[in-house]
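Below is one structure, written out as structure tokens; the observations come after it.
Where a number appears in this text, it was derived from the coordinates with a stated rule and is not lab data. Just so it is clear, the model here is predicted, and its values are computed rather than measured. Note that each Cβ is placed from the backbone with ideal geometry, even for glycine, and that neighbours are counted across all protein chains shown.
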Amino acid sequence: MASLLRVLRTGRAFRGLGNALTRQSGSLRRGFYGSALRLENESKSDKPPSSSSTMYHEHYQAHPNEKGDSIRSNMSYQDQSGEHGEEYETEEQLQARIFTAALEFVQQYGWSMEAIAAGAETLGLSSASTGMFSNGAGDLVLHFIAQCNSNLTDILTEQHKHVQLGQAETKKTSDFLRDAVECRLRMYIPYIETWPQAMSILLLPHNIPHSLKHLSTLVDDIWYYAGDRSTDMNWYTKRAALTGIYNTTELVMVQDSSPDFQDTWNFLDNRIQDVVNMATTIKQLKNIAGMNQRQ
Amino acid sequence: MQRAANTALHGCAQAGGPAVFSRCFICRVTVMTLRVGGGRSVTASPWQSSRAYGVIPPPRDPEEKEMLHRILRVDHAGEYGANRIYAGQMAVLGRTRTGPLIQEMWDQEKKHLEKFNEILAENRVRPTALLPLWNIAGFVLGASTAVLGKEGAMACTVAVEESISEHYNSQIRALMEKDPERYIELLNIIKEFRDDEMDHHDTGLEHDAETLPGYWLLKNAIQLGCKAAIYVSQRI
């Protein structure tokens, strides 16, 4: 009985995935949202079986434009939508769409309510719909960051797949980290003029927990794909090191005026090299002190 | 899981060993469920690695994920601590008559720790940040009780293993209450490890743990420490 249910669930989940993957064009999007949502709302557990790493990230790939929150809110289907009839769109999804539209206007209006109002207008909503955003600018930046993180995860999954299929060589850890951080920071390039404003918004007290959460998921993801499977203190030291590297490189990037941010990438190379050297030195010291053969 | 598979094979070799074969519809793995001595029912499948998912099912929502990660985190910390306790005991009593006994129990704990390391890595669970603390505390506890002699070491073993078994039992109860079928693999692993810990507990009792002067005091002190460690490791 349980196995039968599992088969049905998998079937529905695959249909949902299929619908989600076709959800590319904007105008068709809402129709598919509706049907995908209806499918997802029917089945009780909606995520496809995904504990192996590739499937986990296939799931991520299927929802490229939503924050994790909006996926979960689909499933628990709390009726806070108040939206018109056919599209079972929740409030989070609507907000996500408005934010995505608002990103176009960030260069013009900065990370602010005006950009959100302009974005809402392009979707055919009145600019008064910004009233539903109590923390507009902050949420806009957080949405953008979440989007960048999931894009990065998609890219890393692709690379991982290529490596597993034998189409690409495994990179050295330091190269992998450098490429991942560079790729992620390059997503800021279109918004680089206004990025200092975004960073300061993220430092506001009510935004700090969320931005830290995004940062920690980012760093955890990068290390996971770099092959880190440690379950001891190294888990913490590695992530702390990468967080330091990422933050300092981001700061250098907003002040960088060299062509194609070459100075930033050089800085990144040097920092990663520092960490690698430090790790090697520590290992050598441990060898000398005889501390390396414990347990 | 290894032992379960072995027991399963033995069960099959004996004539009339009660075994039920069923097939999982998804991955078409043949699963043997049989009654092993002592009335426990064990699921053994040599093809376990071909299942659609690993030890824990993919979490449906953040609450479930948090709950499962907490369980795994504290169990991992527990096995790590137990490892260090036995290491401490071996450091003191390694060359005495009780050395081989403690070594044997230590080896089983090492296997448990390995299993949990695997599970944590596979499911991207954060290990507890207090590991260095349990490293030192465990070793010190093991060594200091071993200094009291063989009875001291056995008393420490009894206390710790009793705490751990109680802890595993409460986890088993919690998971059974929620959804025994969904968490079947995790339940099997925890049950197996709990049985091992109970064996260690009984071994400790057999080897004169209770003859230690101040046994009651030491036992309760250690168990209080274990409870605190468990509480803290779940959260940090």
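Below, the figures for the structure above:
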{"quantity": "Region B:150-162 - phi-based ³J(HN,Hα) in whole Hz, Karplus 6.51/-1.76/1.60, Gly and Pro as x", "calculated": "4, 5, x, 4, 5, 5, 4, 4, 4, 4, 5, 5, 5"}
{"quantity": "Region B:136-179-region A:152-230 distance, computed between alpha-carbon centres (Å)", "calculated": "41 Å"}
{"quantity": "Test item: B:115-121 mean partner chain Cβ contacts at 10 Å", "calculated": "3"}
{"quantity": "Diffusion constant of region A:137-289 at 20 °C, which comes from Stokes-Einstein with the Kirkwood Cα-pair radius and 1.002 mPa s, µm²/s", "calculated": "129 µm²/s"}
{"quantity": "Lys, Arg +1 and Asp, Glu -1 on Cβ, resulting dipole of region A:137-289 about Cα centre, debye, nearest 20", "calculated": "560 debye"}
{"quantity": "Potential extension, A:N151-A:M187 segment - 0.36 nm per residue separation minus Cα distance", "calculated": "12.0 nm"}
{"quantity": "Relative contact order of region A:137-289, pairs being alpha-carbon contacts under 8 Å that are 6 or more residues apart, as %", "calculated": "28 percent"}
{"quantity": "Too-long pairs where the Cα-Cα distance tops 18 Å, listed order kept, from A:K238/A:K283; B:K191/B:K227; B:K111/B:K191; A:K213/B:K65; A:K161/B:K115", "calculated": "B:K191/B:K227; A:K161/B:K115"}
{"quantity": "Three-way shape label, region B:115-236, alpha-carbon gyration tensor, a/c 1.5", "calculated": "prolate"}
{"quantity": "Principal axis dimensions, largest first and in whole angstrom, of region A:78-196 by Cα", "calculated": "52, 36, 20"}
{"quantity": "Surrounding net charge for A:D175, when Lys and Arg each add one and Asp and Glu each subtract one, Cβ distance under 11 Å", "calculated": "-1"}
{"quantity": "Neighbour net charge for B:A77 - beta-carbon separation under 12 angstrom, K R +1, D E -1", "calculated": "+2"}
{"quantity": "Shielding by partners - mean other protein chain Cβ count within 10 Å, residues of A:230-239", "calculated": "5"}
